[in-house]
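The values are calculated or read from the model by the stated rules, or taken from the named source; none is laboratory data. As the structure is a computational prediction, the values presented were derived from the model and not from experiment. Neighbour counts run over all protein chains shown; Cβ positions are idealised from the backbone, glycine included. Remember, those area values only see protein heavy atoms, side chains included, never the ligands or the DNA or RNA. Shrake-Rupley method; radii C 1.70, N 1.55, O 1.52, S 1.80 Å.
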Amino acid sequence: MNLNHTRGIRAVPLAAPSNPAASSSRSMGVILTDAGRLMPADVDRILGFQSDTGSRFGDAGQALGLMTEDDVLYALSVQCEYPYMPRDSMLSRELVAAYQPASQAVEDLRALRSQLMLRWFDTGADRKGLAVVSASPGDGRSYVAANLAIVFSQLGERTLLVDADLRRPRQHRLFNLGNHAGLSDMLIGRAGHETVVGIGALRDLSVLPAGAIAPNPQELLGRQRFSSVLQSLGEEFDVIIIDTPAASACADAHTVAVRAGAALLVARQDSSSVPQMAHLTHGLREFGVTLVGSVLNDV
C-alpha cells in the first residue's frame with residue numbers, strides 16, 4: 001500500500017482554552033476582549049460597522065484597523081477548540097501542522113492520519129506505536145514524524161512524539177526544548193517519565209527528546225528496557241510516533257520498528273535510492289514489522 005502525501009508549508013495556531021466547552025459558544029468579540037486583544041469600546045465600534053456593512057465581525061474589525069488576521073485566527077481556534085500557535089512562538093516553522101492548519105500540505109497530513117487510524121491505531125488496543133523510517137539521511141523523517149504527531153494531537157488523541165534518533169536527534173530543536181534529558185537517559189536508568197515534555201501551546205501533544213548522545217545507541221535500543229519503556233508510555237498515551245535514524249547508516253531504525261510493531265516509510269522525491277528503499281522494506285517485513293504505508297516527501 002502506498003500513501004503519497006506532500007510536504008511544504010509554514011505558519012499559524014496557540015494555546016487551547018481552559019474550558020473548551022464554554023469557549024466554543026462565545027462570540028469572537030467576547031473571546032478577544034477576555035484575551036485582552038480588544039477593548040469593550042472596540043467591540044461596540046466593530047458591531048456598529050458590521051451592522052452598517054453586513055460584513056463578518058472579523059472582516060469589520062480588520063477594516064477598522066482594530067483587529068489583525070492573527071486575532072481572527074486566535075478567536076476561531078478558541079471557538080473551534082483548536083490549538084493556536086502565535087506568530088511569535090519559539091517553535092520551529094517546520095511544524096507546519098501547527099502554523100498553517102488550513103494549508104494543503106496539512107490537509108494531506110490529515111488524510112494520512114485517517115489512513116493510519118484505520119490501518120493501525122484503531123485495529124487493536126496494543127497498537128499504539130509507529131516508527132517513522134527512511135533509507136537515507138535528509139529524507140524528512142523528523143519533519144514527517146513531528147507534523148504527524150501534531151495532527152494526531154489535534155484530533156484529541158493523547159499523543160507522544162519520541163525521538164529515537166540517538167545519533168543525530170532533531171526533535172528537541174524543532175520544539176525548542178534545549179538540552180533536555182530524554183530517551184537515552186531513561187534507557188540507562190538515570191531518568192523516568194519526568195523527561196516527557198508537554199507542549200503547552202499544543203494540547204494533547206508531548207515530546208520525549210533523545211536526551212544525551214550515547215556512545216552505544218544500538219545496544220541501548222536493542223535492550224528489553226526499550227520495550228518496557230514503550231509499554232509503560234503506552235499506558236499514558238493513545239498514539240506514540242517514533243522518529244528514527246536513517247536505515248542506511250545503522251540498524252537502529254529496524255530495531256525501533258520491531259519494538260513499535262509498525263512503520264511508516266518516508267521517501268524524498270528525486271532523491272531516495274530505490275534499491276535502498278527496497279532493501280529497507282524487505283528487512284522490515286523479514287523482522288515481522290507491519291508496513292502501514294509510505295509518504296512521498298516532495299520538498
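What's the extension gain from residue 190 to residue 51 if we count 0.36 nm per residue and subtract their Cα-Cα distance?
Length gained, residue 190 through residue 51: 43.8 nm.
Please give the peptides 68-75, 159-166 ranked by average Cβ packing (other Cβ atoms within 10 Å per residue), highest first, as a rough proxy for protection.
Top of the packing list down: 159-166, 68-75.
Could you do me a favour and compute the accessible area per residue for the chain, 1.4 Å probe, result in Å²?
44
Where in region 237-272 is the amide nitrogen less than 19 Å from a point lying 7 Å along the Cα-to-Cβ axis of residue 126?
Counting backbone N atoms under 19 Å from the label point, the list is 237-241, 255-263.
Eigenvalues of the Cα gyration tensor times 5, then square-rooted: what semi-axes does that give for the chain, in whole angstrom, largest first?
40, 20, 16
Defining a contact as two alpha carbons under 8 Å apart and six or more residues distant in sequence, what relative contact order in percent does the chain show?
In percent, rounded to a whole number, it is 24.
At what distance in angstrom do the alpha carbon centres of region 254-271 and region 273-297 lie from each other?
6
Between residue 68 and residue 167, what FRET efficiency comes out of the Förster formula 1/(1 + (r/R0)^6) with R0 = 35 Å and r the beta carbon distance, rounded to 0.05?
About 0.25, to the nearest 0.05.
Between residue 279 and residue 80, how many nm apart are label points set 7 Å from Cα along the C-beta direction?
Simple spin-label model gives 4.5 nm for this pair.
Would you compute, from DSSP H runs of 4+ residues alone, the mean residue ellipticity of the chain at 222 nm, taking -39500 (n - 2.57) per run and dividing by the full residue count, rounded to the nearest 500?
The helix-only estimate for the chain comes to -12000 deg cm²/dmol at 222 nm.
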